[in-house]
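One structure is given below, encoded as structure tokens.
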Amino acid sequence: MKKNIVVIVLSLALAVVSYLLGWSNGSLRDFEAREARGRLGMNLGIYQAMERGDFQRAKENMGIVILGQTRTYEQQYGVPTGTNSFAQKFEAAQAIASKVESSLVPLSSIITNVPHTPDFKITVEDQKD
């Protein structure tokens with residue numbers, strides 16, 4: 001009898017662990033799919049801009065891509081050091097990322113710098129139907 005209870009409890013524990021691992025793997029797959037869709041959309045936009053001959057637009061979009069990839073690499077792995085070729089390429093990418101980042105307008109300034117007029121009033125009328 002005790003042996004059966006132990007087997008049932010272990011089976012339930014295994015089922016729960018299997019479910020949790022599958023759920024987290026599914027979540028990871030969904031996240032990676034969203035990331036892949038975003039990259040594909042951005043790359044398609046760059047390709048189409050170049051196809052139209054709009055090289056300035058393509059350059060701006062590539063700058064955003066490099067900014068995102070550089071900051072992501074920095075957050076996940078840190079800044080590479082040394083004299084190898086990747087460290088030199090990363091340094092060039094950081095320079096581009098900084099240039100692009102400095103030209104962006106912070107979202108907070110858009111939200112907080114809404115023009116105010118001194119004669120602006122909000123009135124609420126009581127509506128009876």
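No value in this document is a laboratory result; all are computed from the given coordinates. Note that the coordinates shown come from a computational prediction; the quantities given were computed from them, not determined experimentally. Neighbour counts run over all protein chains shown; Cβ positions are idealised from the backbone, glycine included.
Report the net charge of residues surrounding Val9, where surrounding means a beta-carbon distance below 12 angstrom and charges are Lys +1, Arg +1, Asp -1, Glu -1.
+2
Sort Tyr77, Tyr47 by Cβ crowding within 10 Å, fewest neighbours at the top. Mind showing how you got there, number by number?
Working: Tyr77 9, Tyr47 12.
Placing the least packed residue first, the sequence is Tyr77, Tyr47.
Residues with beta-carbon under 15 Å from that of Ser27, excluding Ser27: net charge, scoring Lys, Arg +1 and Asp, Glu -1?
It works out to a net charge of -1.
Please say if segment 14-101 is rounded, prolate or oblate, where rounded means a/c under 1.5 for a ≥ b ≥ c the square roots of the C-alpha gyration tensor eigenvalues, and otherwise the choice is prolate for a/b larger than b/c and oblate otherwise?
oblate
Can you give the local net charge around Gly45? Use residues other than it whose beta-carbon is closer than 12 angstrom to its beta-carbon, Lys and Arg +1, Asp and Glu -1.
Around Gly45, the charge tally is 0.
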